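The values are calculated or read from the model by the stated rules, or taken from the named source; none is laboratory data. Keep in mind that what you see is a predicted model, and the values were worked out from it rather than measured. We place every Cβ from the backbone using ideal geometry, glycine too, and count neighbours over all the protein chains shown.
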Amino acid sequence: MKKELEERIKTVVKVELELQRELSTAISSVLKKYNISGEYMFNVYRSADYCQERITKIKGLELIFPAYCIGCGITSVEEPNKIHPI
């Protein structure tokens, strides 16, 4: 059972990290179009009233801990895959 939980956690974390990288890459590409460079911070929420609706599934995977923020971090336009925590 412990091994199953560990594997499930690894799978969920992998998907969450992929989503966060895709978000930062998408934001970076838009900023590049406007000739904006350097570091930026991003917070992506599902609802307009700041984290009122929990996210319980991503790509069909049931999250172990429901999330309120879809993705957040500090990164740069030049290196959007290097994400640091806020």
Restricting attention to the range 45-62, the residues that are surrounded by 14 or more Cβ atoms within 10 Å (Cβ to Cβ) and either modelled with pLDDT of 95 or more or of a type in the set (Val, Ile, Thr) (or both) number exactly 2
Scan the range 19-31 and report the pairs whose first residue is within 19 Å of Gly60 (Cβ to Cβ) and whose second residue is small (Gly, Ala, Ser), with Cβ atoms within less than 7 Å and a gap of 6+ or a chain change.
Leu19/Gly71; Gln20/Gly71; Gln20/Gly73; Leu23/Gly71
Which residue out of Ala26, Ala48 is farther than 22 Å from Pro80 by Cβ and out of contact with any helix residue (DSSP H, G or I) (no Cβ under 8 Å at 6 or more places or on another chain)?
Ala48
Look through the range 63-86, keep the residues that are modelled with pLDDT under 90 and not hydrophobic (A, V, I, L, M, F, W, C), and return whichever of them is surrounded by the fewest Cβ atoms within 10 Å (Cβ to Cβ).
Pro66
Can you tell me which residues in the range 1-17 are more than 14 Å from Glu62 (Cβ to Cβ) and of a type in the set (A, V, I, L, M, F, W, C)?
Met1, Leu17
